[in-house]
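Step one of this worksheet: look at the structure below.
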Amino acid sequence: MRVAGAWAVVAALAAVGCGGGTGAGPPTYPVSGEVFRGGKPAAGGTVQFVHQTEPDVRAVGEIGPDGKFSLFTMAGAEKRTGAVAGEYKAVLVFTANDPPFHPKTVFRVEPRENAFKIELP
């Protein structure tokens, strides 16, 4: 099942988080967006943002049936809404059997609400 495989990826990616105990780590800022594949909303799957200067800092989210996502970051056992400020590369996975997509765009999370559009072929 597509969603089960995607959830396994989310769980594995969320476990790496940004480290530290509860309440530890830098602040996070809301990140949402939309994923399009072939010009249409991409339904299902996961999106992961990998920090460019601190690759252990990651934010993940589920892509909804309408192509929309919201990211969260794990800080120890604490799930925080959004992502740490900085530059990120995205990794998108739609099913466990498909190779991940690695868009070339660098996404910059600012200390405010952030919204991104990710377009795939």
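Fully extending the segment from Asp66 to Ala115 would add 16.1 nm, taking 0.36 nm per residue of separation and subtracting the current Cα-Cα distance. First measure r as the distance between the Cβ atoms of Lys40 and Glu87, then evaluate 1/(1 + (r/R0)^6) with R0 = 35 Å and state the FRET efficiency to the nearest 0.05. Efficiency at R0 = 35 Å is approximately 0.80.
Counting neighbouring Cβ atoms within 10 Å and putting the fewest first, the residues His102, His51 line up as His102, His51. In plain terms, the residue of Glu113, Glu87, Glu78 with the fewest other Cβ atoms within 10 Å comes first and the most crowded comes last, giving Glu113, Glu87, Glu78.
Any of Lys40/Lys117; Lys40/Lys89; Lys40/Lys79; Lys40/Lys68 with alpha carbons more than 20 Å apart? Name them for me. Correct reply: Lys40/Lys89; Lys40/Lys79.
Read the figures in this text as sums done on the coordinates, not as results from a lab. Remember, it's a predicted structure, so these values are computed and weren't measured experimentally. Cβ sites come from the backbone with ideal geometry, for glycine too, and all protein chains shown count toward neighbours.
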